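Here is the structure we will look at.
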Amino acid sequence: MPAAARFTIVMFVMLGFTAALYAAIFQMALAPARLLLLLAAAAVGSRAKVSIIKGSTLSFLTAVVLFAIIQDGLGTATLVALLGVTVQTIFPSRKLVIHQLAFNTGMIALTVFASWWT
């Protein structure tokens, strides 16, 4: 793998871990029943996609995560997004590619943080 790609993956993982850590420490408000419902919706929604234009797709995970941001805040939304993107990464091929999972989880943690912040 090229050095620039490795550097990008490492940066996303580090920044995503920092965002997830911030969410877990400072922004966690648990409502257990709603959290379980959102986690289930994330797991199912991550596998369901709608086609947009020219072969692009949008996962229903996006709507679940945005709903979690609005209803429960950053901590819950981060957990929901991390579970959803893990399911999305692992289950199409049923094999685990560590660098792909690391990049995707870092990217989603940063995306959730940026969405919450705005």
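For region 4-49, a residue qualifies if it is under 16 Å from the mean Cα position of the chain (by Cα) and aromatic (Phe, Trp, Tyr), and the qualifying residues are Phe12, Phe17, Tyr22.
Could we say that Leu58 is outside any helix (DSSP H, G or I) and either over 15 Å from the mean Cα position of the chain (by Cα) or not basic (Lys, Arg) (or both) here? Considered against the rule, which asks whether it is outside any helix (DSSP H, G or I) and either over 15 Å from the mean Cα position of the chain (by Cα) or not basic (Lys, Arg) (or both), Leu58 comes out as yes. Taking region 7-31 as the range and being open to solvent by 90 Å² or more (accessible area, probe 1.4 Å) and more than 22 Å from Gln88 (Cα to Cα) as the test, the residues that pass are Phe7, Ile25, Phe26, Leu30.
To keep it simple, each residue is scored yes or no on (1) of a type in the set (Phe, Trp, Tyr); (2) in a helix (DSSP H, G or I); (3) touching a strand residue (DSSP E or B) at 6+ places or on another chain (Cβ under 6 Å); (4) under 25 Å from Phe7 (Cβ atoms).
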| position | (1), (2), (3), (4) |
| --- | --- |
| Phe17 | yes, yes, no, yes |
| Leu30 | no, no, no, no |
| Ala41 | no, yes, no, no |
| Lys54 | no, no, no, no |
| Ala68 | no, yes, no, no |
| Val85 | no, yes, no, yes |
| Ser93 | no, no, no, no |
| His99 | no, yes, no, yes |
| Val112 | no, yes, no, yes |
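The residues of region 9-23 that are of a type outside the set (Val, Ile, Thr) and in contact with a Gly (Cβ under 6 Å, 6 or more places away or on another chain), listed by number, are Phe12, Gly16, Ala23.
The values are calculated or read from the model by the stated rules, or taken from the named source; none is laboratory data. Worth saying up front: this structure is predicted, and the values here are computed from it rather than measured. Ideal geometry is used to build each Cβ from the backbone, glycine not excepted, and the neighbour counts take in all protein chains shown. Please note that ligands, DNA and RNA were not included when accessible areas were found on the heavy atoms of the full protein model with its side chains. Shrake-Rupley method; radii C 1.70, N 1.55, O 1.52, S 1.80 Å.
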